[in-house]
Every structure is written in structure tokens, then in C-alpha cells.
Amino acid sequence: MGARRLIFVVAAAWFVAAAPSAWAQSSAAGRGVTVGGSVAFASLWDDETHLGRGVALAGEVAVPVGDHARVGVEGGWFGHDRDSGYLRADGSVASLMARASLLVGPHTWQARPFIGASAGVARSTGTLITASPGFGPGGAIPTEPDLRQPWTLTRAAWDVHLGVRVAASERLFVRPELRAGSIGGSGDKGVLEPPLLRLQGGVTLEWLVR
């Protein structure tokens with residue numbers, strides 16, 4: 001349900017931003033260096049199974065490139081878990097990404113839709129736990145312990161994103177967005193079956209520092 005709400009928020013904001021706002025930003029608003037932080041709801045899969053979902057946190061620094069683009073660097077962390085009884089997963093992903101976004105419309109609009117992409121490196125760590133299939137007398141006690149398989153995977157990563165950047169004031173900007181991306185490629189398979197697929201929706205707050 002949380003993911004559906006985030007998708008609705010982004011879609012509604014995109015619709016609102018399709019036309020110039022009734023009250024515009026000042027000519028300089030949002031065109032300088034910003035620092036920001038985000039909270040998102042994310043899910044992770046490998047090639048065979050869902051590895052869980054959880055809260056993703058990130059911090060960023062961004063600068064404008066002309067009137068229609070912003071580039072920056074983002075560092076993030078995402079904890080995820082899954083418990084389906086027979087299969088459990090508990091892990092996290094740390095990432096460092098270079099990000100570029102193309103904004104639609106003039107900088108005087110209060111809300112500007114954007115699309116973009118990020119590329120960098122991500123490190124996924126965790127443990128995959130498979131329940132024992134055998135049971136003792138009465139079916140109450142497993143005859144073997146659960147199989148625990150730790151993993152560590154450091155690979156190149158990328159994502160694409162879309163959303164809307166809304167000026168809450170001359171210095172504060174709210175940026176709901178959806179993201180889809182991948183960690184690694186095929187080959188060198190171990191506990192997980194890369195590439196890993198990540199989907200998330202969330203909100204970033206940006207503060208104009210100069």
C-alpha cells in the first residue's frame with residue numbers, strides 16, 4: 001500500500017506541473033547549489049527471488065547546468081528484509097552515484113517535471129536463510145538446521161528516475177520521484193543471481209545554499 005501511495009503522489013505532482021504555476025519562483029530560485037536528503041520505500045530482487053523491502057535513506061549535493069539540467073553526487077543506504085517462512089533474507093545496500101536530471105519548463109515555474117539517470121557503484125551485503133525441509137516426529141522439530149548463506153556483492157550500478165521538483169519557498173524544494181535501477185550484470189554467480197533489480201518511490205528535500 002505504501003508503494004501505491006508514493007506512485008499516486010508522484011503522478012499527481014507531475015500532472016500539476018504540466019502548466020506554469022499561478023505563483024512563480026523568483027528568477028534565481030532553485031538555480032544554485034543545493035544539499036538534500038531523501039526518504040524512500042524500496043524493494044530488491046535478484047534474478048530468482050524477491051530479497052525484501054524496506055526504507056532507503058540518501059544525501060546529495062547538486063549544481064545547475066544551464067536552465068534545464070542539474071547534476072550531482074548522491075550517497076545512499078537501503079536496508080531490506082523478507083520472511084516468507086521457508087525463505088528469509090536480511091540485507092542492505094550502500095551506494096555512491098553520480099546523478100543527472102533534465103527539468104522541463106522555464107525556471108520560473110513553481111513545479112518542474114524531470115527525468116534523468118544515475119551511475120556509480122553499489123555494495124550489497126546480507127544473509128539468505130533457507131528453512132530445513134525435513135521434520136522429526138510429529139512434524140514439529142526440523143531434523144536439520146536452517147541453511148544460512150551470507151553474501152557480499154560490489155558492482156557497478158545505474159538507475160533511471162522521474163518526478164517533479166516543487167519550490168516550497170525560495171530556498172526549500174520538495175522532490176517526489178520514482179526510481180528503477182540495476183546492480184551488476186550476469187556472471188560470477190554465488191549466493192545471489194545478479195543483476196539485482198531495485199524499485200523505489202520517495203521524497204527528497206533540497207535546500208539552496210547559494
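The values are calculated or read from the model by the stated rules, or taken from the named source; none is laboratory data. No experiment lies behind these values; they were computed from the predicted model shown. Note that we place each Cβ from the backbone using ideal geometry, even for glycine, and neighbour counts take in every protein chain shown.
What residue, of V93, V73, V63, is surrounded by fewer than 18 Cβ atoms within 10 Å (Cβ to Cβ) and either out of contact with any Gly (no Cβ under 7 Å at 6 or more places or on another chain) or not in a strand (DSSP E or B) (or both)?
Just a single option satisfies the conditions, and that option is V73.
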Give segment 105-116 a look and list any residue that's surrounded by 16 or more Cβ atoms within 10 Å (Cβ to Cβ) and either among the aliphatic types (A, V, I, L, M) or at pLDDT 95 or above (or both), or say none.
-> A111, R112, P113, F114, G116
Subset tally (residues that are modelled with pLDDT of 95 or more and either of a type in the set (S, T, N, Q) or surrounded by fewer than 16 Cβ atoms within 10 Å (Cβ to Cβ) (or both)) for segment 176-209 = 6
Take segment 187-210 and flag every residue that is touching a residue at least 12 places away in the same chain (Cβ under 8 Å), more than 23 Å from R53 (Cβ to Cβ) and not in a strand (DSSP E or B).
-> V209, R210
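Could you tell me whether any residue of segment 103-113 is assigned to a strand (DSSP E or B), closer than 30 Å to E170 by Cα and of a type in the set (S, T, Y)?
Within segment 103-113 (the criterion being assigned to a strand (DSSP E or B), closer than 30 Å to E170 by Cα and of a type in the set (S, T, Y)), the answer is no, since none of the residues qualifies.
Of all residues in segment 81-98, which are in contact (Cβ under 8 Å) with a residue 40 or more places away in the chain and under 21 Å from V39 (Cβ atoms)?
So the first thing to find is which residues in segment 81-98 are in contact (Cβ under 8 Å) with a residue 40 or more places away in the chain, and the list is 85-89, 91, 93, 95, 97.
Of everything in segment 81-98, those that are in contact (Cβ under 8 Å) with a residue 40 or more places away in the chain and under 21 Å from V39 (Cβ atoms) turn out to be G91, V93, S95, M97.
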